[in-house]
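Notes follow the structure.
Only the coordinates and a few stated rules stand behind these numbers; no lab work does. Keep in mind the model is a prediction, meaning the values are calculated, not measured. A quick note on method: Cβ atoms are made from the backbone with ideal geometry, for glycine too, and the neighbour counts reach across all protein chains shown.
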Amino acid sequence: MVLHRIVRAVIMGPPGSGKGTVSSRITKCFGLTHISSGDILRANINAKTELGLLMKSCIDQGQLVPDDVIARIILKDLKSLEQGSSWLLDGFPRTVSQAESLDDAHSVDTVINLNVPFQTIKQRLTSRWTHLPSGRVYNVDFNPPKVPGFDDVTGEPLVQRDDDKPETVTRRLKAYETQTEPVLEYYRSKGVLETFTGTETNKIWPHIEAFLQKKFSMCNQNLA
Ligand code: ATP
Ligand code: MG
């Protein structure tokens with residue numbers, strides 16, 4: 001499907017709720033540019049950039065990096081996109097202050113909220129494997145790689161993220177509750193929040209796809 005208007009979307013949900021997987025499906029189906037704050041931070045850690053070195057301990061401990069740091073990175077990335085690009089933000093904004101910074105530069109028209117029970121998430125995160133260079137994620141239970149331990153596309157090895165350890169997962173879920181849930185309220189009050197509830201990405205996905213198809217084609221008609 002080709003988009004005929006600019007779409008500014010955000011995907012939200014607790015850590016391990018399937019944001020990465022759903023984002024890649026959305027970008028594939030609808031051709032938006034995917035910007036993932038977690039992938040950007042991990043790429044910096046991998047490449048041992050100054051930023052990466054500064055942020056590593058924060059991330060490994062399951063804490064959020066400072067608002068101004070992440071906001072500057074994401075807003076710079078958005079600026080570097082071609083004018084008129086449609087994009088999907090994943091992992092940002094994670095605090096109300098970040099949402100306000102984003103608002104100052106761009107108004108978001110669609111927020112997809114993945115509502116997955118915390119119990120499901122805990123199980124999931126500990127069986128998750130990541131291809132660090134691309135951010136592709138696999139799950140040994142329901143989305144395994146073709147060859148165990150290796151990325152389907154590049155054949156490179158998969159790793160388990162340091163921040164996917166049980167105590168760290170608990171801390172990340174806590175940070176989500178206290179700092180990120182208020183962002184849902186923020187977008188709900190602006191009338192752009194759409195929540196999808198479930199325990200399996202493959203069952204939630206058709207609803208998201210149908211919602212976006214309807215939303216985008218409705219807008220196309222409005223423009224015609
Ligand atoms: P998942 O990707 O499965 O949803 P997640 O959302 O916990 O998991 P990422 O989005 O990949 O993980 O982020 C990893 C870590 O990077 C976070 O725990 C946090 O330390 C840091 N981080 C990422 N985005 C932000 C942000 N917008 N603000 C502050 N810290 C961030
Ligand atoms: Mg992510």
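The slack between Cys58 and Val96, meaning 0.36 nm per residue of separation minus the straight C-alpha distance, is 11.7 nm. What FRET efficiency do you get for Asp141 and Lys165 if R0 is 22 Å and r is their Cβ-Cβ distance, rounded to the nearest 0.05? That pair, Asp141 with Lys165, gives E of 0.80. May I ask what percent, to the nearest 5, of DSSP beta bridges between residues of the chain are antiparallel? That works out to approximately 30 percent antiparallel.
Among the trypsin sites (Lys or Arg not before Pro) within segment 160-217, those in coil by DSSP and having at most 15 neighbouring Cβ atoms inside 10 Å are Lys190.
Simple spin-label estimate for Lys215 and Asn115 gives 1.5 nm between the two label positions (7 Å along the Cα-to-Cβ direction from each Cα). Span-like helix criteria (full DSSP H runs; alpha carbon extent of at least 18 Å along the helix axis; mean Kyte-Doolittle hydropathy of at least 0.0) are satisfied in the chain by 67-80. Pairs of alpha-carbon atoms within less than 8 angstrom and 6+ residues apart define the contacts here; what relative contact order does segment 120-210 have, in percent? Relative CO of segment 120-210 lands at 21 percent. In this structure, the residue pairs whose Cα-Cα separation is over 28 Å, taken from Lys28/Lys174; Lys28/Lys76; Lys48/Lys165, are Lys28/Lys174.
Near the amide H of Arg161, within less than 5 Å, lie the amide hydrogens of Thr130, all on another chain or at least 5 residues away, with H placed in the peptide plane.
Under a 5 Å amide H cut-off, with hydrogens placed 1.01 Å from N, Val7 pairs with Ser86, Trp87 among residues at least 5 apart or on other chains.
Taking amide H as placed 1.01 Å from N in the peptide plane, Glu156 has its amide H under 5 Å from the amide H of Asp151, each at least 5 places away in sequence or on another chain. One Cα centroid belongs to segment 161-183, the other to segment 1-69; the line between them spans 15 Å. Cβ crowding within 10 Å, taken as a proxy for footprinting-reagent exposure, orders Val96, Val183, Val116 from fewest neighbours to most as Val96, Val116, Val183. Of the GluC sites (Glu not before Pro) found in segment 139-224, those in coil by DSSP whose Cβ has at most 16 other Cβ atoms within 10 Å are Glu200.
Rounded to 0.05, the FRET efficiency of the Lys79 and Val153 pair, given R0 = 30 Å and the Cβ-Cβ distance, is 0.55. Does the chain come out rounded, prolate or oblate by the C-alpha gyration tensor, with a ≥ b ≥ c the root eigenvalues, rounded set by a/c under 1.5 and, if not, prolate when a/b is larger than b/c and oblate if not? Rounded, because the longest to shortest axis ratio a/c is under 1.5.
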